[in-house]
Amino acid sequence: MSRINYKVIKNTEGINELCFNYSENSAEAQAILDFINGRQLKLVGRLDGAEFVINPDDILYIEIVDDKTFAYTKSRVLQLNMGLREVEEYLNSVKYFRCSKSMIVNIDKVETLKSLSSNRIDAVLENGEHIIISRTYASDFRKVIRGDYE
């Protein structure tokens, strides 16, 4: 469970101070620390012989197709030079969720959910594309969507 407390303190020194307290190093805490320290992850993807820097926030989902890893954004499909497990470990964030053996979805890009037979979930992304959350991962996906990360 997370609790957010903050207060604005007026001081004459002109120094801003930010205190961040956490009880254990989690993906959520690390993402906050990375943001505070200005470290933002980037991926490199290839398309038509050119390399593009990808901001992970722009990724809708990442999928394995024919043993190749692809990152899907609103405007491009870029091939990554990493396996799905490597990408998952690199991103290491609560906003990316393994939704099947071959796919990771950016939870922030999910707009609607519909329960399907066999305990699967049809997730519609902000670009209108449908992806299926497999039954193996559906229960954990529902917990993450509710904010229950543990």
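Observations
- Verdict on Leu84 being in contact (Cβ under 8 Å) with a residue 60 or more places away in the chain, surrounded by 12 or more Cβ atoms within 10 Å (Cβ to Cβ) and within 16 Å of the chain's Cα centre (by Cα): no
- Lone qualifier among Asp140, Asp122, Asp148 - being open to solvent by less than 50 Å² (accessible area, probe 1.4 Å), out of contact with any Cys (no Cβ under 7 Å at 6 or more places or on another chain) and either part of a strand (DSSP E or B) or of a type in the set (D, E, K, R) (or both): Asp122
- Segment 74-92, residues that are of a type in the set (Ser, Thr, Tyr) and either more than 21 Å from Glu129 (Cα to Cα) or at pLDDT 95 or above (or both): Tyr90
- Selection count, segment 94-105, where residues are more than 15 Å from Arg146 (Cα to Cα) and either touching a Phe, Trp or Tyr at 6+ places or on another chain (Cβ under 8 Å) or open to solvent by less than 50 Å² (accessible area, probe 1.4 Å) (or both): 7
- Evaluating Gln40 against the criteria (1) polar (S, T, N, Q); (2) modelled with pLDDT of 90 or more; (3) more than 22 Å from Asp148 (Cβ to Cβ) leaves one unmet condition, (2).
- Residues within segment 46-63 that are free of Cβ contacts under 8 Å to residues at least 60 places away in the same chain and either open to solvent by less than 50 Å² (accessible area, probe 1.4 Å) or in contact with a Phe, Trp or Tyr (Cβ under 7 Å, 6 or more places away or on another chain) (or both), tallied: 7
- Hits in segment 106-117 (condition: among the hydrophobic types (A, V, I, L, M, F, W, C) and surrounded by fewer than 18 Cβ atoms within 10 Å (Cβ to Cβ)): Ile107, Leu113, Leu116
- Residue match in segment 99-117 (condition: in the same structural domain as Leu84 (by TED's automatic domain parsing), free of Cβ contacts under 8 Å to residues at least 24 places away in the same chain and at positive phi): no
- Filter pass, Ile132 being within 29 Å of Glu24 (Cβ to Cβ), part of a strand (DSSP E or B) and not assigned by TED's automatic domain parsing to the domain that holds Cys19: no
The values are calculated or read from the model by the stated rules, or taken from the named source; none is laboratory data. Not measured: the values here are computed from a predicted model. Positions of Cβ are generated from backbone atoms using ideal geometry, with glycine treated the same way; all protein chains shown enter the neighbour counts. Quick note on the areas: whole protein, heavy atoms, side chains included, nothing else; ligands and nucleic acids left out. Shrake-Rupley method; radii C 1.70, N 1.55, O 1.52, S 1.80 Å.
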